Amino acid sequence: MRKVVVQSGQTFADVAIQEYGSFEAAIELAIANDMSITDHLQGGSQLKKIDKTYSKPVEDYCKVEGAQPTSTIQLEDGTTSIYTQPYTYTFD
């Protein structure tokens with residue numbers, strides 16, 4: 001079975017875009033790995049790949065350019081965030 005190594009900060013959506021060219025693959029990828037799409041992925045872990053193509057042009061671009069989308073950012077205090085600045089907006 002083919003596998004993909006998760007990069008630090010990647011989510012299922014990131015891996016889906018990187019490997020399949022589309023966010024649509026995220027749910028199927030999570031299911032194939034007996035996980036939830038919201039589960040935290042550990043950098044360096046391996047995911048089983050699914051045998052399906054969603055967007056060949058985007059998939060090929062990521063492979064040729066070495067693009068590895070990452071949604072979360074490691075902060076200095078060791079936590080992760082999707083924001084580069086503190087999020088201070090409040091809702092009424």
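Among the residues of the range 1-49, just one is crowded, with 20+ Cβ neighbours inside 10 Å, part of a loop (DSSP other than H, G, I, E, B) and touching an Asp or Glu at 6+ places or on another chain (Cβ under 7 Å), namely GLY21. Residues of the range 23-65 that are of a type in the set (Ser, Thr, Tyr) and farther than 29 Å from THR79 by Cβ: THR53, TYR54, SER55, TYR61. Residues in the range 61-92 that are charged (D, E, K, R) and at pLDDT 75 or above were compared, and the one that is surrounded by the most Cβ atoms within 10 Å (Cβ to Cβ) is LYS63. Only residues that are farther than 15 Å from GLN68 by Cα and among the β-branched types (Val, Ile, Thr) were counted in the range 1-37, giving 3. Going by what's in this entry, would ASP14 be described as within 27 Å of THR79 (Cα to Cα) and over 9 Å from the mean Cα position of the chain (by Cα)? No; evaluated as a whole, the condition is false for this residue.
Residues in the range 28-38 that are under 12 Å from the mean Cα position of the chain (by Cα) and at pLDDT 95 or above: LEU29, ALA30. Of all residues in the range 39-64, those that are in contact (Cβ under 8 Å) with a residue 40 or more places away in the chain have Cβ atoms under 6 Å from Cβ atoms of residues that are exposed (fewer than 11 other Cβ atoms within 10 Å of the Cβ) and not hydroxyl-bearing (Ser, Thr, Tyr), 6 or more apart or on another chain, in LYS48/MET1; LYS49/ARG2.
The values are calculated or read from the model by the stated rules, or taken from the named source; none is laboratory data. Computed from a predicted model, the values in this text were never measured in an experiment. A quick note on method: Cβ atoms are made from the backbone with ideal geometry, for glycine too, and the neighbour counts reach across all protein chains shown.
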